[in-house]
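To start, the structure under review is shown below, and the notes come after it.
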Amino acid sequence: MAVRDLSSSSSSPELHVLAVDDSFVDRKVIERLLRISSCKVTTVESGTRALQYLGLDGDKGSSGLKDLKVNLIVTDYSMPGLTGYELLKKIKESSAFREIPVVIMSSENIQPRIQQCMTEGAEDFLLKPVKLADVKRLKELIMRSGQAEEGKTKNPCTKRILQDDIDSSPSSSSSSSSSSSSSSSSSSSSSSSYHDDVSSLDDDTPSSKRMKLESRVHD
(Lines give C-alpha, C1' and ligand atoms only; values in the text may rest on other atoms or scores of the structure.)
Protein backbone atom coordinates (compact mmCIF):
# COMPACT_ATOMS: atom_id res chain seq x y z
CA MET A 1 0.00 0.00 0.00
CA ALA A 2 1.59 3.20 -1.19
CA VAL A 3 0.88 5.63 1.62
CA ARG A 4 2.94 8.78 1.82
CA ASP A 5 2.59 10.84 5.02
CA LEU A 6 4.09 14.33 4.94
CA SER A 7 3.97 16.94 7.72
CA SER A 8 4.54 20.66 7.56
CA SER A 9 7.00 22.24 9.98
CA SER A 10 4.68 25.22 10.54
CA SER A 11 3.62 25.88 14.13
CA SER A 12 0.11 26.99 13.01
CA PRO A 13 -2.79 24.54 13.37
CA GLU A 14 -2.44 21.85 10.71
CA LEU A 15 -5.11 20.32 8.56
CA HIS A 16 -4.56 16.66 7.73
CA VAL A 17 -5.56 16.01 4.13
CA LEU A 18 -5.96 12.61 2.50
CA ALA A 19 -5.24 12.99 -1.24
CA VAL A 20 -6.39 10.21 -3.59
CA ASP A 21 -5.32 10.02 -7.24
CA ASP A 22 -4.20 7.18 -9.53
CA SER A 23 -1.91 9.55 -11.45
CA PHE A 24 1.56 9.84 -9.92
CA VAL A 25 2.08 13.29 -11.45
CA ASP A 26 -1.27 14.61 -10.20
CA ARG A 27 -0.58 13.20 -6.74
CA LYS A 28 2.73 15.05 -6.61
CA VAL A 29 1.06 18.30 -7.76
CA ILE A 30 -1.71 18.23 -5.15
CA GLU A 31 0.77 17.10 -2.50
CA ARG A 32 3.06 20.05 -3.22
CA LEU A 33 0.19 22.57 -3.22
CA LEU A 34 -1.08 21.26 0.12
CA ARG A 35 2.38 21.39 1.68
CA ILE A 36 2.84 24.98 0.51
CA SER A 37 -0.47 25.73 2.26
CA SER A 38 0.93 24.27 5.52
CA CYS A 39 -1.18 21.12 5.45
CA LYS A 40 -0.22 17.66 6.57
CA VAL A 41 -0.64 15.33 3.58
CA THR A 42 -1.24 11.61 3.18
CA THR A 43 -1.41 10.36 -0.41
CA VAL A 44 -2.80 7.08 -1.75
CA GLU A 45 -3.10 5.87 -5.33
CA SER A 46 -6.67 4.51 -5.43
CA GLY A 47 -10.10 4.63 -3.87
CA THR A 48 -9.61 1.14 -2.50
CA ARG A 49 -6.39 2.21 -0.76
CA ALA A 50 -8.22 5.21 0.68
CA LEU A 51 -10.86 2.91 2.19
CA GLN A 52 -8.12 0.74 3.65
CA TYR A 53 -6.41 3.77 5.16
CA LEU A 54 -9.68 4.89 6.75
CA GLY A 55 -10.48 1.36 7.91
CA LEU A 56 -13.66 1.20 5.82
CA ASP A 57 -12.80 -1.89 3.80
CA GLY A 58 -13.95 -4.32 6.48
CA ASP A 59 -10.42 -5.32 7.50
CA LYS A 60 -9.75 -3.82 10.95
CA GLY A 61 -6.04 -4.36 10.63
CA SER A 62 -5.67 -2.83 7.19
CA SER A 63 -4.72 0.66 8.34
CA GLY A 64 -1.86 1.36 10.68
CA LEU A 65 -2.56 5.12 10.56
CA LYS A 66 -6.35 5.19 10.96
CA ASP A 67 -6.04 6.71 14.44
CA LEU A 68 -4.88 9.98 12.84
CA LYS A 69 -7.50 12.67 12.40
CA VAL A 70 -8.37 13.50 8.78
CA ASN A 71 -9.82 16.97 8.18
CA LEU A 72 -10.26 16.83 4.40
CA ILE A 73 -10.32 14.23 1.63
CA VAL A 74 -9.40 15.27 -1.91
CA THR A 75 -9.97 12.64 -4.58
CA ASP A 76 -9.79 12.30 -8.35
CA TYR A 77 -13.07 11.40 -10.02
CA SER A 78 -11.89 8.99 -12.74
CA MET A 79 -9.88 6.13 -11.24
CA PRO A 80 -9.76 2.43 -12.11
CA GLY A 81 -11.63 0.17 -9.72
CA LEU A 82 -13.33 2.44 -7.20
CA THR A 83 -14.09 5.88 -8.71
CA GLY A 84 -13.97 9.11 -6.77
CA TYR A 85 -17.77 9.27 -6.83
CA GLU A 86 -18.06 5.79 -5.36
CA LEU A 87 -15.47 6.67 -2.71
CA LEU A 88 -17.50 9.78 -1.85
CA LYS A 89 -20.65 7.68 -1.37
CA LYS A 90 -18.92 5.19 0.90
CA ILE A 91 -17.47 7.97 3.06
CA LYS A 92 -20.86 9.67 3.40
CA GLU A 93 -22.44 6.33 4.34
CA SER A 94 -19.95 5.95 7.21
CA SER A 95 -21.09 7.22 10.62
CA ALA A 96 -17.44 7.80 11.59
CA PHE A 97 -16.36 9.78 8.51
CA ARG A 98 -19.49 11.30 6.95
CA GLU A 99 -18.72 14.73 8.45
CA ILE A 100 -15.30 14.90 6.76
CA PRO A 101 -15.47 17.29 3.75
CA VAL A 102 -14.75 15.54 0.44
CA VAL A 103 -13.55 17.46 -2.62
CA ILE A 104 -13.68 15.88 -6.08
CA MET A 105 -11.09 16.68 -8.77
CA SER A 106 -11.45 16.08 -12.50
CA SER A 107 -9.92 17.21 -15.78
CA GLU A 108 -13.37 17.02 -17.42
CA ASN A 109 -15.93 19.79 -16.94
CA ILE A 110 -19.06 17.63 -17.18
CA GLN A 111 -21.97 19.38 -15.48
CA PRO A 112 -24.16 16.28 -14.78
CA ARG A 113 -21.14 14.65 -13.13
CA ILE A 114 -20.43 17.74 -11.04
CA GLN A 115 -24.09 18.00 -10.00
CA GLN A 116 -24.16 14.31 -9.10
CA CYS A 117 -21.18 14.68 -6.78
CA MET A 118 -22.51 17.84 -5.14
CA THR A 119 -25.88 16.20 -4.55
CA GLU A 120 -24.16 13.23 -2.93
CA GLY A 121 -22.44 15.54 -0.45
CA ALA A 122 -19.19 16.73 -2.02
CA GLU A 123 -17.82 19.95 -0.53
CA ASP A 124 -16.52 21.20 -3.87
CA PHE A 125 -15.58 20.10 -7.38
CA LEU A 126 -12.20 21.27 -8.71
CA LEU A 127 -11.09 21.23 -12.33
CA LYS A 128 -7.55 20.08 -13.02
CA PRO A 129 -4.94 21.37 -13.03
CA VAL A 130 -5.65 22.35 -9.42
CA LYS A 131 -4.23 25.75 -8.53
CA LEU A 132 -2.71 27.03 -5.30
CA ALA A 133 -5.63 29.48 -4.96
CA ASP A 134 -8.04 26.51 -4.99
CA VAL A 135 -6.20 24.78 -2.16
CA LYS A 136 -5.92 27.94 -0.06
CA ARG A 137 -9.64 28.60 -0.49
CA LEU A 138 -10.48 25.09 0.63
CA LYS A 139 -8.20 25.37 3.65
CA GLU A 140 -9.79 28.64 4.75
CA LEU A 141 -13.25 27.13 4.32
CA ILE A 142 -12.44 24.10 6.49
CA MET A 143 -10.66 26.24 9.12
CA ARG A 144 -13.67 28.57 9.41
CA SER A 145 -16.01 25.61 9.65
CA GLY A 146 -13.92 24.06 12.42
CA GLN A 147 -13.73 27.32 14.38
CA ALA A 148 -17.48 27.81 14.10
CA GLU A 149 -18.15 24.33 15.49
CA GLU A 150 -15.69 24.91 18.31
CA GLY A 151 -17.34 28.23 19.13
CA LYS A 152 -20.74 26.57 19.35
CA THR A 153 -19.35 24.04 21.82
CA LYS A 154 -17.60 26.59 24.04
CA ASN A 155 -20.21 29.35 23.89
CA PRO A 156 -23.72 27.89 23.87
CA CYS A 157 -26.47 30.41 23.17
CA THR A 158 -27.99 32.05 26.25
CA LYS A 159 -31.71 31.51 26.65
CA ARG A 160 -33.68 34.61 25.73
CA ILE A 161 -36.06 36.12 28.30
CA LEU A 162 -39.19 37.21 26.48
CA GLN A 163 -41.09 40.34 27.43
CA ASP A 164 -44.26 38.42 28.09
CA ASP A 165 -42.35 36.29 30.61
CA ILE A 166 -41.44 39.47 32.44
CA ASP A 167 -45.00 40.76 32.21
CA SER A 168 -46.32 37.51 33.65
CA SER A 169 -43.98 37.53 36.66
CA PRO A 170 -45.63 37.76 40.15
CA SER A 171 -44.11 41.17 40.98
CA SER A 172 -45.21 42.63 37.65
CA SER A 173 -48.71 41.21 38.03
CA SER A 174 -48.92 42.58 41.57
CA SER A 175 -47.74 46.01 40.43
CA SER A 176 -50.18 46.03 37.53
CA SER A 177 -53.01 44.92 39.79
CA SER A 178 -52.15 47.59 42.37
CA SER A 179 -52.00 50.29 39.70
CA SER A 180 -55.31 49.19 38.23
CA SER A 181 -56.91 49.09 41.67
CA SER A 182 -55.61 52.57 42.51
CA SER A 183 -56.87 53.97 39.22
CA SER A 184 -60.26 52.35 39.71
CA SER A 185 -60.47 53.65 43.27
CA SER A 186 -59.60 57.17 42.18
CA SER A 187 -62.19 57.09 39.40
CA SER A 188 -64.82 55.73 41.77
CA SER A 189 -64.03 58.38 44.34
CA SER A 190 -64.25 61.14 41.74
CA SER A 191 -67.54 59.81 40.44
CA SER A 192 -68.93 59.51 43.96
CA SER A 193 -67.89 63.06 44.80
CA TYR A 194 -69.56 64.37 41.68
CA HIS A 195 -72.83 62.59 42.40
CA ASP A 196 -72.78 63.93 45.96
CA ASP A 197 -72.34 67.45 44.64
CA VAL A 198 -75.15 67.02 42.14
CA SER A 199 -77.53 65.60 44.72
CA SER A 200 -76.88 68.57 46.98
CA LEU A 201 -78.18 71.03 44.38
CA ASP A 202 -81.52 72.68 45.07
CA ASP A 203 -83.34 75.78 44.00
CA ASP A 204 -81.41 77.90 46.48
CA THR A 205 -77.98 76.85 45.20
CA PRO A 206 -76.03 79.85 43.91
CA SER A 207 -75.75 80.00 40.13
CA SER A 208 -71.95 80.16 40.34
CA LYS A 209 -71.83 76.76 41.98
CA ARG A 210 -74.21 75.34 39.37
CA MET A 211 -72.01 76.66 36.56
CA LYS A 212 -68.92 75.02 38.06
CA LEU A 213 -70.67 71.66 38.34
CA GLU A 214 -71.99 71.89 34.79
CA SER A 215 -68.51 72.67 33.47
CA ARG A 216 -67.22 69.52 35.23
CA VAL A 217 -69.89 67.48 33.46
CA HIS A 218 -68.73 68.77 30.06
CA ASP A 219 -65.10 68.04 30.91
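The values are calculated or read from the model by the stated rules, or taken from the named source; none is laboratory data. Bear in mind that the values here come from a model prediction, so they are computed numbers and not experimental data. Cβ placement follows ideal geometry from the backbone for every residue including glycine, while neighbour counts extend to all protein chains displayed. Accessible surface is based on the protein model in full, side chains and every heavy atom, while ligands, DNA and RNA are left aside. Shrake-Rupley method; radii C 1.70, N 1.55, O 1.52, S 1.80 Å.
When ranked by the protection proxy of mean other Cβ atoms within 10 Å per residue, highest first, what sequence do the peptides 108-117, 24-33 form?
24-33, 108-117
Could you tally the net charge around S107, taking each other residue with its Cβ under 13 Å from the Cβ of S107, Lys/Arg +1 and Asp/Glu -1?
Here the charged neighbours net out to -3.
Report the local net charge at S46: Lys and Arg +1, Asp and Glu -1, summed over other residues whose C-beta lies under 12 Å from its C-beta. Before the final figure, lay out each step's value.
On the way: positive: R27, R49; negative: D21, D22, E45, D57, D76, E86.
For residues surrounding S46, the net value is -4.
For Q111 and A133 in one chain, what is 0.36 nm times their gap in residues minus the Cα-Cα distance, to one decimal in nm?
So the extension gain works out to 5.7 nm.
Give me the accessible area per residue for segment 16-145, probe 1.4 Å, as a whole number in Å².
49 Å²
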